[in-house]
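Engineer: Let me give you the structure first, and then I'll get to my questions.
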Amino acid sequence: GAVVSQHPSRVICKSGTSVKIECRSLDFQATTMFWYRQFPKQSLMLMATSNEGSKATYEQGVEKDKFLINHASLTLSTLTVTSAHPEDSSFYICSAIPPRGSYNSPLHFGNGTRLTVT
Amino acid sequence: GENVEQHPSTLSVQEGDSAVIKCTYSDSASNYFPWYKQELGKRPQLIIDIRSNVGEKKDQRIAVTLNKTAKHFSLHITETQPEDSAVYFCAASINQFYFGTGTSLTVIP
């Protein structure tokens, strides 16, 4: 149980275009999802916390107008990288806490999206 | 906020030997400490976790110890195998998850 699916797994786009990444909880409802960015050989950097039905909470230094997060349902959160540039190339991973979980319960991660901006 | 430090950043061991990865945290209110294994290009996967009311937890070849007074916790892998090679992340959680910087473990056959 507690499966998180992320799509697409890889995307290559041209500079200036927008890319949408989907994160779905397949067998549970997630009121809270998290979006991370990971550079090669580095740790997971929390970008934002996505709450169903309300605005996402962004971490300091993350541009909310560039990284649009929508959590319109209890099973889907989306991250849209707007006007992508090569420096946005990275590995993006979402995660969710299963129902009746809390911050002392395991995070379940999506399979990640490798974004390459040319 | 919480600050999690993880050491070493890289670790190489011979197959069959033990591997130990250590993490420290700064916020004494943190109460949940998971460890994740991440293979290249894949999602982090939970391998073991411990809560603040427990000092040690073991699952076959993997164990975690927690010292709340010193604010540090460690991952122990015994009888290492080549498939244990991966990047390992510790995390401390209070009102969000704070990740360590990762340890790249290589098990040499």
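Engineer: Any idea how many residues of the stretch B:41-68 are away from every other protein chain (no Cβ under 14 Å) and part of a strand (DSSP E or B)?
Structural biologist: The number of residues fulfilling the criteria is 6.
Engineer: Also, quick follow-up: May I ask you to say which residue of A:D88, A:D65 is touching a Leu at 6+ places or on another chain (Cβ under 8 Å), at pLDDT 90 or above and farther than 21 Å from B:S30 by Cα?
Structural biologist: Working: A:D65 fails: touching a Leu at 6+ places or on another chain (Cβ under 8 Å).
None of the other options fit; the residue is A:D88.
Engineer: For residues that are modelled with pLDDT of 95 or more and not charged (D, E, K, R), scanning just the stretch A:13-33, find the one that is nearest to A:A72 (Cα to Cα).
Structural biologist: A:C23
Engineer: Looking at B:E83, B:E2, B:E79, which one is part of a loop (DSSP other than H, G, I, E, B) and out of contact with any Gly (no Cβ under 9 Å at 6 or more places or on another chain)? Quick ask: steps written out before the conclusion?
Structural biologist: Numbers: B:E83 fails: part of a loop (DSSP other than H, G, I, E, B); B:E79 fails: out of contact with any Gly (no Cβ under 9 Å at 6 or more places or on another chain).
Result of the check over B:E83, B:E2, B:E79: B:E2.
Engineer: Still on this structure: Which pairs do you get when a residue that is more than 9 Å from chain B (Cβ to nearest Cβ), found in the stretch A:33-59, comes within reach of a residue that is part of a loop (DSSP other than H, G, I, E, B) and at pLDDT 90 or above, reach meaning Cβ atoms under 7 angstrom, with the pair 6+ apart or on two chains?
Structural biologist: A:M47/A:E59; A:M47/A:V62; A:A48/A:A56; A:A48/A:E59; A:A48/A:V62; A:S50/A:A56; A:Y58/A:K64
Engineer: Name every residue in the stretch B:12-31 that is buried (at least 16 other Cβ atoms within 10 Å of the Cβ) and either in a strand (DSSP E or B) or touching a Cys at 6+ places or on another chain (Cβ under 7 Å) (or both), in order of residue number.
Structural biologist: Matches in the stretch B:12-31: B:V13, B:A19, B:V20, B:I21, B:K22, B:C23, B:T24, B:Y25.
Engineer: Between a residue in the stretch A:2-24 that is in contact (Cβ under 8 Å) with a residue 12 or more places away in the chain and any residue that is part of a strand (DSSP E or B) and among the basic types (K, R), which pairs come within a Cβ distance under 8 Å, given they are 6 or more apart or on different chains?
Structural biologist: Between residues of the stretch A:2-24 that are in contact (Cβ under 8 Å) with a residue 12 or more places away in the chain and residues that are part of a strand (DSSP E or B) and among the basic types (K, R), the close pairs are A:V4/A:R24; A:S5/A:R24; A:Q6/A:R24; A:H7/A:R24; A:S9/A:R114; A:R10/A:R114; A:V11/A:R114.
Engineer: Now a separate question. Working only within the stretch A:73-97, note down all residues that are part of a strand (DSSP E or B), free of Cβ contacts under 8 Å to residues at least 60 places away in the same chain and surrounded by 15 or more Cβ atoms within 10 Å (Cβ to Cβ). I'd like the intermediate steps shown before the answer.
Structural biologist: Going residue by residue through the stretch A:73-97, those that are part of a strand (DSSP E or B) are A:73, A:76-81, A:90-96.
Those still in the list that are free of Cβ contacts under 8 Å to residues at least 60 places away in the same chain too: A:73, A:76-79, A:90-91.
Within the stretch A:73-97, A:L76, A:S77, A:T78, A:L79, A:S90, A:F91 meet the criteria.
Engineer: Need the failing condition index for A:R100 against (1) more than 14 Å from every other protein chain (Cβ to nearest Cβ); (2) outside any strand (DSSP E or B); (3) modelled with pLDDT under 90; (4) at negative phi, just the number.
Structural biologist: Going through the list (1) more than 14 Å from every other protein chain (Cβ to nearest Cβ); (2) outside any strand (DSSP E or B); (3) modelled with pLDDT under 90; (4) at negative phi, A:R100 breaks only (4).
Engineer: Can you find a residue that is in contact with a Cys (Cβ under 7 Å, 6 or more places away or on another chain) and within 14 Å of B:F97 (Cα to Cα) anywhere in the stretch A:84-93?
Structural biologist: At the first step, the residues of the stretch A:84-93 found to be in contact with a Cys (Cβ under 7 Å, 6 or more places away or on another chain) are A:84.
With within 14 Å of B:F97 (Cα to Cα) added as a condition, the list becomes none.
Within the stretch A:84-93, not a single residue is in contact with a Cys (Cβ under 7 Å, 6 or more places away or on another chain) and within 14 Å of B:F97 (Cα to Cα).
Engineer: Could you count how many residues in the stretch B:69-102 are surrounded by fewer than 16 Cβ atoms within 10 Å (Cβ to Cβ) and within 14 Å of another protein chain (Cβ to nearest Cβ)?
Structural biologist: So the count comes out to 1.
Engineer: Restricting to the stretch A:16-51, name every residue that is assigned to a strand (DSSP E or B) and of a type outside the set (A, V, I, L, M, F, W, C). Even if it seems obvious, please write down each step before you answer.
Structural biologist: Applying the first criterion (assigned to a strand (DSSP E or B)) to the stretch A:16-51 yields A:19-25, A:32-38, A:44-51.
Across the stretch A:16-51, the qualifying residues are A:K20, A:E22, A:R24, A:S25, A:T32, A:Y36, A:R37, A:Q38, A:T49, A:S50, A:N51.
Engineer: Residues to consider are B:Q45, B:Q96; find the one that is over 15 Å from the mean Cα position of the chain (by Cα) and closer than 16 Å to A:Y36 by Cβ. Break it down stepwise before answering.
Structural biologist: Numbers: B:Q45 fails: over 15 Å from the mean Cα position of the chain (by Cα).
Of the residues listed, the single one that is over 15 Å from the mean Cα position of the chain (by Cα) and closer than 16 Å to A:Y36 by Cβ is B:Q96.
Engineer: Then there is this: Being modelled with pLDDT of 95 or more, within 14 Å of the chain's Cα centre (by Cα) and away from chain B (no Cβ under 14 Å): is that true of A:T78 here?
Structural biologist: Working: modelled with pLDDT of 95 or more: yes; within 14 Å of the chain's Cα centre (by Cα): yes; away from chain B (no Cβ under 14 Å): yes.
Yes.
The values are calculated or read from the model by the stated rules, or taken from the named source; none is laboratory data. Since the structure is predicted, the reported quantities are computational estimates derived from the model, not experimental observations. Ideal geometry is used to build each Cβ from the backbone, glycine not excepted, and the neighbour counts take in all protein chains shown.
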